[in-house]
1. Is it true that Thr69 is modelled with pLDDT of 90 or more and in contact with a helix residue (DSSP H, G or I) (Cβ under 6 Å, 6 or more places away or on another chain)?
2. Identify, please: which residue in region 46-88 is among the charged types (D, E, K, R) and part of a helix (DSSP H, G or I) and is, among those, nearest to Lys4 (Cα to Cα)?
3. Filter region 52-64 down to residues that are in contact with a Ser or Thr (Cβ under 8 Å, 6 or more places away or on another chain) and surrounded by fewer than 20 Cβ atoms within 10 Å (Cβ to Cβ), then give me how many there are.
4. Quick check on Ala14: is it open to solvent by 70 Å² or more (accessible area, probe 1.4 Å), modelled with pLDDT under 95 and either assigned to a helix (DSSP H, G or I) or over 18 Å from Val104 (Cβ atoms) (or both)?
5. Could you grab the pairs with beta carbons closer than 6 Å, sequence gap of 6+ or different chains, first residue in region 70-89 and within 13 Å of Glu43 (Cα to Cα), second one open to solvent by 30 Å² or more (accessible area, probe 1.4 Å) and of a type in the set (S, T, N, Q)?
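The values are calculated or read from the model by the stated rules, or taken from the named source; none is laboratory data. Just so you know, these numbers come straight off a predicted model, no measurement behind them. When we count neighbours, we look across all protein chains shown, and the Cβ atoms used for this are built from the backbone with ideal geometry, even at glycine. Calculation scope for accessible area: heavy atoms of the full protein, side chains included, ligands and nucleic acids excluded. Shrake-Rupley method; radii C 1.70, N 1.55, O 1.52, S 1.80 Å.
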Amino acid sequence: LKEKLAQLAAHQKAAGGAPRTNTPNSGPSGGRGGGDPRTNTPELNESQQLALRLASEGASFLLTGGAGTGKSHTLRHIVAALKSQHGPDRVYVTGSTGIAGCHVG
């Protein structure tokens, strides 16, 4: 876990941004092509992939960022990966507000 946190810190320092696990998108697809053809969603960027890896490994982290940075998009990928890893009946998502739950489905 310490190694993963060190990787995250190094990534944040290289990006020159505030400590967070995602970066702002550039345009509606975040400047990323491809994605999941079943859902027509863009791929995850490097920081979002790190958040997905951390979640898959059971690490705790804070997924933060301004509007349009891909937090809900990243969380949907994390939930899908955890359901695939642990089974759909063992993964639950909660939110502090009703709208938060609506955004991640």
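1. Spelling it out, it is not the case that Thr69 is modelled with pLDDT of 90 or more and in contact with a helix residue (DSSP H, G or I) (Cβ under 6 Å, 6 or more places away or on another chain).
2. The residue in question is Arg53.
3. Within region 52-64, the first condition is being in contact with a Ser or Thr (Cβ under 8 Å, 6 or more places away or on another chain), and the residues that meet it are 52, 54, 61-64.
Then drop every residue that is not surrounded by fewer than 20 Cβ atoms within 10 Å (Cβ to Cβ), which leaves 52, 61-64.
Summing the residues that are in contact with a Ser or Thr (Cβ under 8 Å, 6 or more places away or on another chain) and surrounded by fewer than 20 Cβ atoms within 10 Å (Cβ to Cβ) in region 52-64 gives 5.
4. Yes.
5. Gly70/Asn25
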